[in-house]
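Read the structure below first, then the notes.
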Amino acid sequence: EMYTSLLNVKQAVRVERKLIDYLRTYIDHELDRLEDIKRFYAKVSNLHTELYKGPAVTMANPLVAFTLIKRLHSEWLNVVYSNEALENLQALRSSYEEEEADLPNLEDLQGAAKGLMRLQDVYALQVSSLVRGRFQRVTNGESVDVYMPAVSVQLSGDDCFLVGKVAYEQEDYYHSVQWLEESARLFRGAGEEWSPENEGTLEDALDHLAFSHFKTGNVSYALSLSQELLHHNPMNGRVLQNVKKYEKLLVAAGPPRGTGLTRPSSSFLRTRDTYERLCRTRGSQRRHFANPQLFCDYFTNNNPALILMPAEREVVSLQPYVVLYHDFVTDTEAEDIKSLAQPGLRRSVVAAGEKQATADYRISKSAWLKGSAQSIVGKLDQRISLLTGLNVKHPYGEYLQVVNYGIGGHYEPHFDHATSPSSPVFKLKTGNRVATFMIYLSPVEAGGSTAFIYANFSVPVVEKAAIFWWNLHRNGEGNDDTLHAGCPVLIGDKWVANKWIHEYGQEFQHCCSLNPQE
Ligand SMILES: O=C(O)CCC(=O)C(=O)O
Ligand SMILES: [Fe+2]
């Protein structure tokens, strides 16, 4: 599950570097082999142009006759049946196989492709721009850059084919049409040139594209693509059948209907539009001047420990109550926390009934850090306690959960608190998650904001800052306004750390109330 954490993707670079070395060795050996063959070729052809001009004369020489017979009996055989090519290839393959455990698998490829399609959707990116290495969306009929990458990578026809095929296999023709269209265009542009690394061909792209169009109701386009395919391969029986079928359908159906290209439905359609709007606009926070109750200050919480080093507090929202503490951690602390977490990173899970399971709606890896009182984790606990006035010691606070997002990594709208009595949140026997304290351990170049769906605002990632909110009303009921999400990371390597604080242990710090409004 390499695609679920950018850290693992970075590690994959090292594997490819080794493969490059293996391929260099292979090429060198093959070049040596070809040199040897060329030398033999030159030797024999020289003999024929120089020595054998008058055969009767030359063969009278027993040495010439002997070497001819020897060559024909053994030298040619050794050259033609040489095992060297196979040995070279086998050496390459066995080196490659040594790295196999560290190579991405099919699930990784599919996960990465789905990540690209997620970014396409959430940020309304144009596929035709993406394949040119640009992150653009159409606004008022014009392509505008959402982000300008420092390095731009173009996609090949085969790259697009693979993304399109992942969509196609999920019967998601909305995406397969767009990606296969680009694939066919790029394959056409590349001409008939064959590349050994490719998985698909123009024919494959046309085949999948035609069927995708047929499935979305565009029969006439499906027909013309199939005809184009037959032009390249007139003997493809299946496509010949399809052409007949499409022609019949077109006669029967009369003039074409509008085609139905709609995005596949998801589990959270109701909040999807708001979620995506909040992710797209970095400036979707409310304006401070619009509400004087939203302010910035230096906060000490009346605690002597904070008087000399007050926290820079920014009240972001009142309902739900959300605050940002700027510069909550130092660069070194953030780096240390990330390194401590690295060995323990595992695919993130979500509550599924009483159990926990992986899900497409949360793409990241996470690790739990216990840490003693003297450790960095302990120091952060202390600082969280000072700021929030809450008891964060285990089991009143959960261990620190460090999260690293993957390709298009995200966490769709959810509550941090348990919404069912059977939730694993209650395993600690310290009640529900009353509050969330989340630290942004890295900057993110684009995307990755934290969006509050019902409250209608989003907070962009602020490196080294921490965000805090109450999940429960004072009467213990969950506050629905805290429905929130981690937007897909467009560009960057996003790391956060979650500290979830429970109800118990706070009796003197955070008083209960029966008023459901508080
Ligand atoms: O990464 C984010 O911005 C939000 C993460 C989150 O909500 C969570 O981990 O529960
Ligand atoms: Fe959350």
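Values for this structure:
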quantity	calculated
Elements of type helices (runs of 4 or more DSSP H) contained in region 35-108, each with 3 or more residues being surrounded by 10 or more Cβ atoms within 10 Å (Cβ to Cβ) and either touching a residue at least 40 places away in the same chain (Cβ under 8 Å) or in the same structural domain as Gln170 (by TED's automatic domain parsing) (or both)	84-98
Candidates Ala253, Ala290, Ala311, filtered to the one that is modelled with pLDDT of 85 or more and among the small types (Gly, Ala, Ser)	Ala311
Counted residues, region 181-201 - those being closer than 20 Å to Leu130 by Cα and either surrounded by 13 or more Cβ atoms within 10 Å (Cβ to Cβ) or β-branched (Val, Ile, Thr) (or both)	11
Qualifying strands (runs of 3 or more DSSP E) (wholly inside region 320-369; at least 1 residues being of a type in the set (D, E, K, R))	355-357, 364-369
Condition check for Tyr174: without any contact (Cβ under 8 Å) to a residue 60 or more places away in the chain, closer than 19 Å to Thr262 by Cβ and aromatic (Phe, Trp, Tyr)	no
So Thr332, is it within 19 Å of His417 (Cα to Cα) and not aromatic (Phe, Trp, Tyr)	no
Filter result (within 13 Å of ligand 1 (Cβ to nearest atom) and either without any contact (Cβ under 8 Å) to a residue 60 or more places away in the chain or not aliphatic (A, V, I, L, M) (or both)) within region 490-504	Gly492, Asp493, Lys494, Trp495, Asn498, Lys499, Trp500
Any hit, region 371-388, residues being in the same structural domain as Thr300 (by TED's automatic domain parsing) and within 15 Å of ligand 1 (Cβ to nearest atom)	no
Pairs with Cβ under 8 Å, 6+ apart, first in region 207-236 and touching a residue at least 40 places away in the same chain (Cβ under 8 Å) and small (Gly, Ala, Ser), second open to solvent by 40 Å² or more (accessible area, probe 1.4 Å) and outside any loop (DSSP other than H, G, I, E, B)	Ser212/Tyr168
Gly409 vs. criteria over 26 Å from the mean Cα position of the chain (by Cα) and either crowded, with 24+ Cβ neighbours inside 10 Å or in a loop (DSSP other than H, G, I, E, B) (or both)	no
Condition check for Arg17: under 30 Å from Ala367 (Cβ atoms) and out of contact with any helix residue (DSSP H, G or I) (no Cβ under 8 Å at 6 or more places or on another chain)	yes
Ala124 vs. criteria open to solvent by less than 90 Å² (accessible area, probe 1.4 Å) and in contact with a strand residue (DSSP E or B) (Cβ under 6 Å, 6 or more places away or on another chain)	yes
Residue match in region 388-405 (condition: out of contact with any Asp or Glu (no Cβ under 8 Å at 6 or more places or on another chain), among the polar types (S, T, N, Q), within 14 Å of ligand 2 (Cβ to nearest atom) and not in a loop (DSSP other than H, G, I, E, B))	yes
Sole exception among (1) within 14 Å of ligand 2 (Cβ to nearest atom); (2) open to solvent by 30 Å² or more (accessible area, probe 1.4 Å); (3) farther than 25 Å from Val392 by Cα for Pro443, by number	(1)
Tally of residues being under 23 Å from Arg118 (Cβ atoms) and out of contact with any Gly (no Cβ under 6 Å at 6 or more places or on another chain) across region 436-449	9
Matching entry among Thr419, Thr450 (being under 20 Å from the mean Cα position of the chain (by Cα), within 13 Å of ligand 2 (Cβ to nearest atom) and polar (S, T, N, Q))	Thr450
Condition check for Pro421: in a loop (DSSP other than H, G, I, E, B), out of contact with any strand residue (DSSP E or B) (no Cβ under 8 Å at 6 or more places or on another chain) and either open to solvent by less than 10 Å² (accessible area, probe 1.4 Å) or not aliphatic (A, V, I, L, M) (or both)	yes
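The values are calculated or read from the model by the stated rules, or taken from the named source; none is laboratory data. Treat the numbers as computed from the prediction; the structure is a model and nothing was measured. We place every Cβ from the backbone using ideal geometry, glycine too, and count neighbours over all the protein chains shown. Calculation scope for accessible area: heavy atoms of the full protein, side chains included, ligands and nucleic acids excluded. Shrake-Rupley method; radii C 1.70, N 1.55, O 1.52, S 1.80 Å.
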